[in-house]
Amino acid sequence: VLELLRGVQRGSEDRKRSLSRLHWALRNRETQQKFVRLDGSIRTLIGLFTSSLADMQMEAARCLHELSHSSDPAVAEACLPVTSYLLTYLSGHSVEFMELCLYTLGNLVVESEAVRKQLLPQGIIPVLASCIQSPHEAVLEGLGYVLSQLLQAKEAPTEIVPLVLDSVLPQHMLRLVCSGLRAGTGAAVEFAWCLHYIICSHTANAVLLSLGALPALTSLLLDLASEIPQNAPEGLELLVCPVLRCLSNLLAEETGCEGQIQDERLLIAIFLILQCFLQQHPFIVQECLWLLNNLTADEPFFCSALLSLDLLPALLQLLPTSQMGSVLVLTVLCNVAEKGPAYCQQLHRQPTLPLLLPTLTLPDPQVVGQCLELLHLLFLHWPEAAADFVRQGGHQALEQHQSTPELQERARALLDMVGQPLGASACAPCHSTLSAFP
């Protein structure tokens, strides 16, 4: 390592060759740590990075990029002196050079709070805002990467998100997501995750709603669902996931948002996406169900649409998909049942009870607890369901939970309900919107 550094410092004809070899050597973690401890190593790289020789500049940029991959905070902090130059070179240089600078910045901010604290007063957010209108996909993807790393920092809600909101970044990110996501661009994926991290900070939703984020993302999801082929191309799930999360979190944070998007096509889009990704990418199922829950939690419109569009059988088929999937399906059904007798009557007409009976035998208290809550609502609002439940042997299924501490109280209450005259019990309402995974 020392010999390579000396070869770079000597300025001989072999300097470029030494620099190129150093670039490859710095892919090794141990080499990275040794290099930054050598006197003058970073200073030498910065000298070449800021030189007027384009080929030397590029090789030095590659060396710095390799150093930025280190998971050792000491290596990242050794690179502190280069941050201002990285920002400076985000304008007026080649696409490849800008891309290297962006990914180097993104890697450095992941590993070091010291780097982030230095970059903010250096004006990283305004510089990134000036880059977002670049016509080059590679630059936009690198920019999205830097932003997504910054927005995941622990200090992001208080120190970074406010700066982003005061810039032109949110409206341009929304525009790029909605125009580029259908094409499957990497930049759109990065910016969609950026919007998700901003929404999760709980300080930005008013700004995003004022920019029309809700109708824009809804329209995007409709477009995506309408064009999903029978066999979805690999990687499409990476695009769909953050859009689902953004919509879920906007609905969770803002009451009344459901009323702004009363479009039953959104339910059809969700079920098309569910059907497409169920087998290969089951994590998308949970994302869809989170969104479905937040749509139906308070708004009768989507509960009615779920029934009128005959989507209930497709929802019931998802009951055994996974532990979390089962809980979410049951929660959506609870949201529907909570709306009253007409909704419970429709649930009873479907094969809901025969599917709930096996669910009651599962060893998972969370799934069974949510199932008990659904039965409570059904029996309360539509007593015929209680009588049918007893005829199907549900009484015995309830009795087995009388000894389970977290379930026994609700199980006994339901046993009392099925043993009483029709309509003789009282109700405890249950549900609210749920934020998507942070």
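Laboratory data are not the source of any read-out in this text; all were calculated from the coordinates shown. Please read these numbers as outputs of a predicted model, since none were measured by experiment. Methodologically, a virtual Cβ is constructed for each residue, glycine included, from the backbone with ideal geometry; neighbour enumeration extends over all protein chains shown.
How much length would be gained if the chain were fully extended between residue 94 and residue 308, taking 0.36 nm per residue of separation minus their Cα-Cα distance, in nm to one decimal?
Length difference between fully extended and current span is 71.5 nm.
Helix 137-151 versus the longest principal axis of the chain: what angle, 0 to 90°, nearest 10, using Cα atoms?
Roughly 70 degrees between the two axes.
Which angle from 0 to 90°, rounded to the nearest 10, does the C-alpha axis of helix 213-227 make with the longest principal axis of the chain?
The answer is roughly 80 degrees.
Normalised by the number of residues in the chain, what is the relative contact order in percent for Cα pairs under 8 Å and 6+ residues apart?
Taking the mean separation of contacting Cα pairs over the length of the chain, I get 9 percent.
Output the 0 to 90 degree angle, nearest 10, between the alpha-carbon long axis of helix 236-253 and the longest principal axis computed from the alpha carbons of the chain.
Tilt of helix 236-253: around 60 degrees.
Under 1.5 on a/c is rounded, so check that first for the range 10-164, then, if it is not, pick prolate when a/b is larger than b/c and oblate when it is not; a ≥ b ≥ c are the square roots of the alpha carbon gyration tensor eigenvalues.
Since a/c reaches 1.5 but b/c is at least a/b, the shape of the range 10-164 is classed as oblate.
Pop a pseudo-label 7 angstrom from the Cα along the beta-carbon direction at both residue 159 and residue 219 and give the gap in nm to one decimal.
Placing both labels 7 Å beyond Cα along the Cβ direction yields 3.8 nm.
Which semi-axes, in whole Å and largest first, does the equivalent ellipsoid of the chain have when worked out from the alpha carbon gyration tensor as the square roots of 5 times its eigenvalues?
Calculated on Cα positions only, the semi-axes equal 56, 22, 18 Å.
At a 10 angstrom cut-off on C-beta neighbours, averaged per residue, how do the peptides 90-100, 64-74 rank from highest to lowest?
64-74, 90-100
Taking the chain as a Gaussian network, Cα atoms linked when under 10 Å apart, which of 138, 153, 342 shows the biggest mean-square fluctuation?
Of 138, 153, 342, the most mobile in the Gaussian network model is 342.
Test of understanding: what is the full-extension gain from residue 71 to residue 43, defined as 0.36 nm times their sequence separation minus their Cα-Cα distance?
The span from residue 71 to residue 43 would gain 8.0 nm if fully extended.
Using Cα springs under 10 Å in a Gaussian network model of the chain, which residue among 382, 290, 193 shows the largest mean-square fluctuation?
In the Gaussian network model the winner is 382.
Contour minus end-to-end for residue 27 and residue 402, with contour as 0.36 nm per residue of separation and end-to-end as the Cα-Cα distance?
Extra length available between residue 27 and residue 402 comes to 128.9 nm.
Starting at 0 and stepping by 5 Å, how many percent of the alpha carbon pairs of the range 299-419 end up in each bin?
The percentages, shortest bin first, are 2, 12, 24, 25, 21, 11, 4, 1, 0.
Run the simple label-point estimate for residue 263 and residue 3 please: 7 Å along Cα→C-beta, distance reported in nm.
Going by the 7 Å Cα→Cβ label model, 6.6 nm.
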